[in-house]
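Working notes, beginning with the structure itself.
The values are calculated or read from the model by the stated rules, or taken from the named source; none is laboratory data. Just so it is clear, the structure is predicted and the values come from calculations on it, not from any experiment. Cβ coordinates were reconstructed from backbone atoms using ideal geometry, including for glycine residues, and neighbour counts include every protein chain displayed. Remember, those area values only see protein heavy atoms, side chains included, never the ligands or the DNA or RNA. Shrake-Rupley method; radii C 1.70, N 1.55, O 1.52, S 1.80 Å.
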Amino acid sequence: MKSKLGTRKLGNSGLEISSLGLGCMGMTMGYGPAGDRKDMIKLIHDAVERGVTFFDTAQVYGPFTNEELVSEALAPFKGEIRV
């Protein structure tokens, strides 16, 4: 999927990602209660539709809770988004 936002190379890996990413920590913890799961999945879907291909998540945001949310949300885009 070609990002409408422009792209950047990630480090020396050669991986090309959208120049704008989505930080996902606040979806499951960190800034108050976790967001509604359906709303967070819709937010991730909306980001993909706008060209975002870089989603920041980490094991420490749960553990695993955030990664599971992002994985579920991106499942319909398998092959289009690199996680």
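Tabulated values for the structure
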item	result
Estimated D of the chain in µm² per second, where Rh is the Kirkwood radius over Cα pairs and Stokes-Einstein applies at 10 °C, 1.306 mPa s	121 µm²/s
Helix axis angle, 65-74 relative to the chain longest principal axis, alpha carbon, degrees	50 degrees
Exposed-site-free run, longest, the chain (rule: trypsin sites (Lys or Arg not before Pro); DSSP loop; at most 16 other C-beta within 10 Å)	5-49
Neighbour-limited loop hits for chymotrypsin sites (Phe, Trp or Tyr not before Pro), the chain (at most 10 other Cβ within 10 Å; DSSP other than H, G, I, E, B)	Tyr31
Rel. contact order, % - alpha carbon contacts under 8 angstrom, at least six apart, the chain	32 percent
Residue-span extension gain [Glu72 to Lys38] - 0.36 nm each, minus C-alpha spacing	11.2 nm
Per residue value of the accessible surface for the chain (all protein chains in place, 1.4 Å probe), Å²	66 Å²
Degrees separating the helix 37-49 axis from the principal Cα axis of the chain, which is the longest one	10 degrees
